[in-house]
Amino acid sequence: MAQTLEALSRRTETLTSIRGIVHTMKTMSAINAVPYEHAARSIESYHQTVLSGLRAFVAKTGPISMPVVVQPEQILVVFGSDHGLCGNYNEVLAELARSESSKVDGRARVLCVGARMSDALSDQGLGPEVTFLPPASADGIGRLASDIVTRLDDIGAGDVHNRIAVNLAFTRRAGKGQHEPVVSPLLPLPLSLLSDPGRAGWQSRSLPDYTMPAMPLLAALLRNHIFASVFQASAEAMVTENAARLALMQQAEQAVDDRLEEVGGQFRRVRQDEITNELMDIIIGFEALKKKPSAL
């Protein structure tokens, strides 16, 4: 079907407006990812400090024996997106959560971040019992991590290390700008962390020491380890969410550019055809006027 110049011009204007929106979304995704990336790096450094404190504690006090629970209650915390425009981000993670849940004897209790993640999990047959609001900025990651840790403490009745087994499902960065969904175990703590100071990695000629009571110090270190792990998972999820949205917007921008080039080519061809037709009309009219006197 032949297109008129007016229709092609309107289509060009529409595509130009869409490209502006897509470019704005791409820019916002790139800008929003930076604070979350800084938060992820900061909490990783803090987490390493906490782990060093645990190693020092074990090196000072000797191996710590934790009670072994035969059948701890299984908890799965899933960090999803609630802002859209990031492709099948939630769906891929929901499939991984279903696969992980199927490995558990009985039904795992599911906590999730994001209403859209909750819908994706429900589609996989996993109904979350609690849905947390995702952070609106990097400052909100601490709030979210505190809410999740408090919820886990309530489920574990104040003894999370002995009563529950917790896995964190989130999307993390992979090589070459890619990202991948992963499940990271949080509780129970690995035995090497508390019972084997040699394997834990305390390597220093200085002997570790502390002045506060041992049990409150251990409880504080363990709680900070859990908080830092949840914080880091949330920060990684937000970084990869914005990265996925950025990649999708880049693809959309390229698609719009290709379409603009195609429509621009059609516009030039139609315009050239109309100019050619007008010139032909002028030439034909001129030839008709030249022949008219000779006919008389």
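Some points to look at:
- Pair list, Cβ under 9 Å, 6 or more apart: the range 158-178 residue surrounded by fewer than 16 Cβ atoms within 10 Å (Cβ to Cβ), other residue assigned to a strand (DSSP E or B): Arg173/His179; Arg173/Glu180; Ala174/Glu180
- Residue match in the range 220-231 (condition: under 30 Å from Met25 (Cβ atoms), in contact with a Lys or Arg (Cβ under 8 Å, 6 or more places away or on another chain) and touching a residue at least 24 places away in the same chain (Cβ under 8 Å)): no
- Residue check for Ser102: more than 28 Å from Lys26 (Cβ to Cβ), modelled with pLDDT of 90 or more and assigned by TED's automatic domain parsing to the domain that holds Asp209: no
- The one condition in (1) at pLDDT 85 or above; (2) surrounded by 13 or more Cβ atoms within 10 Å (Cβ to Cβ); (3) under 24 Å from His179 (Cβ atoms) that His225 fails to fulfil: (3)
- Checking each residue in the range 105-126 for being at pLDDT below 85 and surrounded by fewer than 14 Cβ atoms within 10 Å (Cβ to Cβ) picks out Asp105, Gly106, Arg107.
- Flag if Ile148 is closer than 19 Å to His225 by Cα and in contact with a Pro (Cβ under 8 Å, 6 or more places away or on another chain): no
- When Tyr210 is tested against (1) within 23 Å of Gly53 (Cα to Cα); (2) in a helix (DSSP H, G or I), only condition (2) is not met.
The values are calculated or read from the model by the stated rules, or taken from the named source; none is laboratory data. Keep in mind it's a predicted model, so treat the numbers as computed, not measured. Glycine gets a Cβ as well: all are built from the backbone with ideal geometry, and neighbour counts include every protein chain shown.
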